[in-house]
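Peer 1: The following block contains the structure, expressed as structure tokens.
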Amino acid sequence: MFGRWLGNKGATGAVRGNALAGLAVPDSAGVLSCRVLDPVNEAVQQAEFVVTDAAGRKVVGGETDPFGNVLATVPAGEYRLAVTAEGFTPFHGSAAVTEGAHAGLGDVTLQVSAPPQLPDPGEWEIEPMHSQIGFTARHIGMARIHGRFNTFAGAVRIADRMENSAMHVIIDAASIDTNVQMRDDHLRSGDFLDVGRYPTLEFYSERFVHRGGTRWGVSGALTLHGVSRTVTLDTQYLGLGNGLEGETRAACRATTELHREDFTLTWQTMLARGIAAVGSSISIDMDIQIVPKS
């Protein structure tokens, strides 16, 4: 339970005391707060927090501010607070919030978590049955179109020093799939991917940069529509595991953002009031599992 109760309810319903003086709070609510620190007492920015009620339902969530603070106004009641951050073990605490009062936990120190074991050096390959390469594009200024490539293959060479590793991925451009046949045919045409002239997309990287914790930047050349550009994948390494048949496998998630114009994918039509039918940026989202090459 939070150990300190600060402030009191005035006639206007504001929580009084310290930095929260003058903060308007509904009569039936209170304020819950803490400050999230690392083991050397530095603020942990952008740590994710979730406040749940006694039934386990999410009430509010968000990220810590640049000073590591969590601040939430919630109805009076019993709550659980969970705080997670990259490279740290999660924190879980409980709080009783009363009307017009401030429930403050003070400083919460997150402990550094052990990084997951890296794959053994050697030749690995993408296991397509448990991997996905997806994308999201803006359509008609508001809706999002989600799609994926169904056919791809890739090889990964894990070096003795992970930073010296390399990967090569080949994607069948014609395997694009947005669940709408007419749209997929248009995406395969000369207006977009032009799969007759450019049947594959390829990504080759020899630059793995550790960004701390489980985060890596994987930079390399993406060749799309006959044009090569440098792209960096923001990658989260998820660790090692075993498949149903006991085989070792490693997993990661990776994201990046592409701009169509960089790859001469410039087809566009404008709708009424100048709204573009297709947005210029495309978000790429990948879930990848690799297994030792047989």
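Computed from the coordinates by the stated procedures, all read-outs in this text should not be read as laboratory data. Keep in mind it's a predicted model, so treat the numbers as computed, not measured. Ideal geometry is used to build each Cβ from the backbone, glycine not excepted, and the neighbour counts take in all protein chains shown.
Peer 1: FRET efficiency for GLU78 and LEU37, Cβ-Cβ distance as r, R0 = 25 Å, nearest 0.05?
Peer 2: Working from the Cβ atoms, E equals 0.50.
Peer 1: Let me ask you something else. Any chance you could run the full-extension gain for GLN236 through HIS186? It's 0.36 nm times the residue separation minus the Cα-Cα distance, nm to one decimal. Walk me through the numbers on the way to the answer.
Peer 2: Numbers: separation 50, 0.36 × 50 = 18.00 nm, distance 3.32 nm.
Here the answer is 14.7 nm.
Peer 1: Nearest 20 debye, what's the magnitude of the dipole of region 25-155 about its Cα centre given +1 on Lys and Arg Cβ and -1 on Asp and Glu Cβ?
Peer 2: 520
Peer 1: Give, rounded to the nearest 20 debye, the magnitude of the charge dipole that region 17-87 has about its Cα centre when Lys and Arg contribute +1 at Cβ and Asp and Glu contribute -1 at Cβ.
Peer 2: Roughly 200 debye for region 17-87.
Peer 1: With the cut-off at 1.5 for a/c, could you classify region 194-250 from its C-alpha gyration tensor as rounded, prolate or oblate?
Peer 2: oblate
Peer 1: Loop only by DSSP, 13 or fewer other Cβ within 10 Å of the Cβ. Give me the trypsin sites (Lys or Arg not before Pro) in region 109-169 that pass, ordered by residue number.
Peer 2: Taking region 109-169 and a limit of 13 other Cβ atoms within 10 Å, the loop trypsin sites (Lys or Arg not before Pro) found are ARG161.
Peer 1: Which loop-located GluC sites (Glu not before Pro) does region 40-71 contain, where loop means any DSSP state but H, G, I, E or B and the Cβ has at most 12 other Cβ atoms within 10 Å?
Peer 2: GLU42
Peer 1: Grab the eigenvalues of the alpha-carbon gyration tensor for region 122-292, scale each by 5, take roots, and send me the semi-axes largest first in whole angstrom.
Peer 2: After scaling each eigenvalue by five and taking roots: 31, 17, 15 Å.
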